[in-house]
1. Restricting attention to the stretch 271-294, which residues are surrounded by fewer than 15 Cβ atoms within 10 Å (Cβ to Cβ) and within 23 Å of the chain's Cα centre (by Cα)?
2. Report whether or not Ile193 is in contact (Cβ under 8 Å) with a residue 60 or more places away in the chain and farther than 30 Å from Pro259 by Cα.
3. Let me spell it out: the conditions are (1) in contact with a helix residue (DSSP H, G or I) (Cβ under 9 Å, 6 or more places away or on another chain); (2) of a type outside the set (Ser, Thr, Tyr); (3) open to solvent by 30 Å² or more (accessible area, probe 1.4 Å), and Arg150 meets all of them except one. Which number is the exception?
4. All but one of (1) under 16 Å from Pro165 (Cα atoms); (2) outside any loop (DSSP other than H, G, I, E, B); (3) among the hydrophobic types (A, V, I, L, M, F, W, C) hold for Ile122, so report the exception by its number.
5. On the given criteria, is Pro307 open to solvent by 50 Å² or more (accessible area, probe 1.4 Å) and either aliphatic (A, V, I, L, M) or in contact with a strand residue (DSSP E or B) (Cβ under 7 Å, 6 or more places away or on another chain) (or both)?
6. So which residues in the stretch 98-109 are closer than 16 Å to Glu162 by Cα and free of Cβ contacts under 8 Å to residues at least 60 places away in the same chain?
7. Could you tell me whether any residue of the stretch 345-354 is free of Cβ contacts under 8 Å to residues at least 12 places away in the same chain and either within 16 Å of Val415 (Cβ to Cβ) or more than 36 Å from the chain's Cα centre (by Cα) (or both)?
8. Taking the stretch 230-270, which residues are outside any strand (DSSP E or B) and open to solvent by 40 Å² or more (accessible area, probe 1.4 Å)?
Amino acid sequence: MVIGRSHFLSICLMAMATSIAITEYVMYKPTPVSENIDEEALSKVDEENIEDSEDLSDETESNLDENESNNIETSQKLPISKVESKSDSDPFKTTGEIEVIINSGDTLTSLLSSLGFDKTDIYLASKSLSKIYNLRNLKIGQKIIVRGKRDNSGELTLNGFEISPDYRYKIIVSKTDSGYSAKKVEVPIKKVIRNISGTISPKSPEYSLMQCGVKPNLSKEVLRNLAVITNIKSSKTPVDFEFLYTEFYDDQGNVVKRPDLIYASFFVDGKIRRIYKFQDNGVNEYVDSNGMIIKTLAPSKSMLNHPLPRMKITSKFGIRRHPISGRIKGHTGVDLSASIGTPIRAAASGVIVHASYYSGYGRYIKIKHSSAINTAYGHLSRIVVRNGQRVSQGQIIGYTGNSGYSTGPHLHYEVMKNGRFVNPMSFVKQEPQKLTGRKLHRFNQFKKEVNLQIVGLVPTKNKTVLTKKYS
């Protein structure tokens with residue numbers, strides 16, 4: 001039979017392709033793994049929810065900025081494992097480690113199994129990790145450094161792995177004589193104080209700050225608080241600004257956390273506005289230079305004023321144990337401390353719909369302010385209004401007392417919205433609050449240190465000054 005030249009060439013190519021395919025299959029055929037551990041028992045390790053373990057991933061997740069979020073989305077499209085070494089040789093024979101990335105649907109067991117490790121080793125190593133870390137907290141995009149060794153016979157041994165669920169520490173699982181052990185290792189964090197200043201356009205402050213080099217999350221934080229005390233967009237001239245903040249780096253110089261604001265100032269229409277981020281007992285407060293808490297300076301949109309000149313709450317709204325009956329039940333209002341005879345003023349203008357003795361409330365007044373809002377006042381000593389009377393906001397309607405079902409002089413104050421009791425303090429206009437006592441003293445010390453850093457009287461080798469102008 002005569003075979004054409006082109007047919008002969010095609011047959012040769014097909015034979016070569018088949019040979020290559022078979023060669024690749026033999027070279028990459030996974031090493032057989034031990035059958036000592038049941039598949040079902042192995043899978044349960046990834047599903048265990050260790051109740052005593054800490055949730056170490058929340059803060060790391062919240063610290064991701066928009067760029068980091070984009071990186072995570074990209075990582076979902078990557079292959080299961082990513083070898084750091086550029087060599088085509090087996091990394092477990094050369095570097096002894098490989099970096100893998102968690103993708104959607106992956107578990108620690110599935111990743112380690114795909115690399116060809118023994119099921120018994122995977123089970124024991126995962127069990128060790130689960131004692132200090134909840135395996136369900138593994139996040140898409142999270143990197144795991146896997147360490148192993150392949151001997152000349154091709155047998156692969158799992159030496160351990162390393163994960164970094166939080167910028168503050170990493171967890172290392174290592175092979176021991178008796179199995180595997182896991183430990184948390186603190187990561188040294190370098191804090192760098194930076195100063196940035198410049199001039200921005202009041203018409204587009206956020207964009208202007210970005211042009212000056214300010215990180216978006218930092219500018220949003222500052223502008224949100226600044227809006228409480230001034231309207232920067234109303235300025236007729238460019239606005240000068242200055243920020244003092246902290247940046248956080250690991251030992252390799254990588255940024256591991258969003259910058260933390262310390263101080264910000266703006267020069268708006270001839271007036272300087274200052275914001276200090278003051279931390280006390282783990283709680284952050286944004287405070288102005290006078291020690292006033294900025295969020296309390298916001299103008300209230302509520303229609304209701306204080307019924308008493310001093311709003312000291314002795315019993316809050318909600319579920320409580322009744323002071324007389326001892327039963328657990330809902331408290332429909334708030335109890336405000338007041339001596340007998342303290343004037344009570346109408347929280348808003350309205351019509352008196354009840355002004356008489358009323359069951360356990362004692363002497364009681366109810367005012368209808370609108371079709372939706374009513375207020376009520378109980379345990380009075382005296383009532384000076386009558387049913388159907390129209391009253392103005394701030395008008396005296398009675399005096400505090402101890403009438404009805406009461407353990408002592410106070411005012412029981414209620415707010416009803418659409419026929420349902422609501423927390424009165426969420427409707428009452430809040431008075432500006434200032435730090436007092438030890439908090440004010442600690443703030444003044446903090447402010448002094450910050451001001452010295454700003455003017456450069458406190459030397460710090462980490463301080464970097466950047467001055468830019470938006471145009």
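The values are calculated or read from the model by the stated rules, or taken from the named source; none is laboratory data. No experiment lies behind these values; they were computed from the predicted model shown. Please note: Cβ atoms are built from the backbone with ideal geometry, for glycine as well, and neighbour counts cover all protein chains shown. Accessible surface areas use protein heavy atoms only, side chains included; no ligands, DNA or RNA. Shrake-Rupley method; radii C 1.70, N 1.55, O 1.52, S 1.80 Å.
1. Gln279, Asp280, Asn281, Gly282, Val283, Asn284
2. no
3. (1)
4. Ile122 satisfies all of (1) under 16 Å from Pro165 (Cα atoms); (2) outside any loop (DSSP other than H, G, I, E, B); (3) among the hydrophobic types (A, V, I, L, M, F, W, C) except (1).
5. Numbers: open to solvent by 50 Å² or more (accessible area, probe 1.4 Å): no; either aliphatic (A, V, I, L, M) or in contact with a strand residue (DSSP E or B) (Cβ under 7 Å, 6 or more places away or on another chain) (or both): yes.
Criteria not met by Pro307.
6. Across the stretch 98-109, the qualifying residues are Ile98, Glu99, Val100, Ile101, Ile102.
7. Taking the stretch 345-354 first, the residues free of Cβ contacts under 8 Å to residues at least 12 places away in the same chain are none.
Checking the stretch 345-354: not a single residue is free of Cβ contacts under 8 Å to residues at least 12 places away in the same chain and either within 16 Å of Val415 (Cβ to Cβ) or more than 36 Å from the chain's Cα centre (by Cα) (or both).
8. Asn231, Lys233, Ser234, Lys236, Thr237, Pro238, Asp251, Gln252, Gly253, Asn254, Asp269, Gly270, listed by residue number.
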